[in-house]
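The values are calculated or read from the model by the stated rules, or taken from the named source; none is laboratory data. Treat the numbers as computed from the prediction; the structure is a model and nothing was measured. Note that we place each Cβ from the backbone using ideal geometry, even for glycine, and neighbour counts take in every protein chain shown. Ligands, DNA and RNA are excluded from the accessible area calculation, which covers all protein heavy atoms including side chains. Shrake-Rupley method; radii C 1.70, N 1.55, O 1.52, S 1.80 Å.
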Amino acid sequence: DLQGQEVLEEIEGHDGIMSSIQFSPDGRFIGTSSVSDGTARIWNLEGEELQVLKGHIGKVRDIDFSSDGEHLATVSDEGIVRLWDIDGNLIDELRGHSDRIDSIAFSPNGKIMATASGDSTIRLWDISGSQISTIKHQKNVCSLAFLQSQERLVSLTQDKTLHFWDLDGKEIIQFPAN
């Protein structure tokens, strides 16, 4: 409760540290990932664990829901993107990065996924799992997000620089984030 600052529900299930948390677009589910137990999980708003998403080897660093709420994607230290349906069934594994993947984001229209990796690249994928393009950086890419109102992507690199991109991989502007 944001006004009373009291805990309404506690989520327990991961063994150790959770690395990411996301609400589904309709607000009915919560997705979490863990760098400790190598899983991602889907919960309802009462804190009940609905699905455990297993299959990654090592730390699961991020999770995101598609805009229609029917799919979610997880990324990990092994450099693989796993695409799941909302029932926890593995749909696809996407390979292309040569290092850990730190961040994943679905585009606002749900048709594109972007991944940020320690291999200093962003990769864009379509929802069917085909790689669309690769955007090269000078430093490791720590995080990324789509701008909701435009077909633009912003990335944060290890040297604390923000980069704004169009979906063709053209850099629009960059500036220090500190």
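Rundown of residues vs (1) part of a loop (DSSP other than H, G, I, E, B); (2) under 21 Å from residue 19 (Cα atoms), yes/no style:
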| residue | (1), (2) |
| --- | --- |
| 81 | no, yes |
| 84 | no, yes |
| 87 | yes, no |
| 91 | no, no |
| 99 | yes, yes |
| 104 | no, yes |
| 109 | yes, no |
| 114 | no, yes |
| 119 | yes, yes |
- Test each condition in (1) of a type in the set (Gly, Ala, Ser); (2) surrounded by fewer than 17 Cβ atoms within 10 Å (Cβ to Cβ); (3) in contact (Cβ under 8 Å) with a residue 60 or more places away in the chain for residue 69 and report the one that comes out false. (3)
- Residues of the range 40-82 being charged (D, E, K, R) and under 18 Å from residue 106 (Cβ atoms), which ones? 61, 62, 64, 68, 70, 82
- Item | Residue match in the range 17-33 (condition: of a type outside the set (Gly, Ala, Ser), in contact with a Lys or Arg (Cβ under 8 Å, 6 or more places away or on another chain) and either open to solvent by 40 Å² or more (accessible area, probe 1.4 Å) or at pLDDT 90 or above (or both)) | yes
- Item | Where a residue in the range 144-172 is under 16 Å from residue 102 (Cα atoms) and aromatic (Phe, Trp, Tyr) and its partner, wherever it lies, is open to solvent by less than 70 Å² (accessible area, probe 1.4 Å) and assigned to a strand (DSSP E or B), with Cβ under 9 Å and at least six apart | 146/105; 146/106; 146/112; 146/114; 146/153; 146/154
- Item | residue 101 being out of contact with any Pro (no Cβ under 6 Å at 6 or more places or on another chain), over 20 Å from residue 137 (Cβ atoms) and open to solvent by less than 60 Å² (accessible area, probe 1.4 Å) | no
- Message: Any residue at all in the range 88-106 that's over 18 Å from residue 145 (Cβ atoms), within 12 Å of the chain's Cα centre (by Cα) and not acidic (Asp, Glu)?
- Response: no
- Number of positions in the range 121-143 that are outside any loop (DSSP other than H, G, I, E, B), hydroxyl-bearing (Ser, Thr, Tyr) and either surrounded by fewer than 14 Cβ atoms within 10 Å (Cβ to Cβ) or without any contact (Cβ under 8 Å) to a residue 40 or more places away in the chain (or both): 3
- Task: Please specify each residue of the range 59-73 satisfying the condition of being of a type outside the set (Val, Ile, Thr) and either in a strand (DSSP E or B) or over 16 Å from the mean Cα position of the chain (by Cα) (or both).
- Result: 61, 62, 64, 65, 71, 72, 73
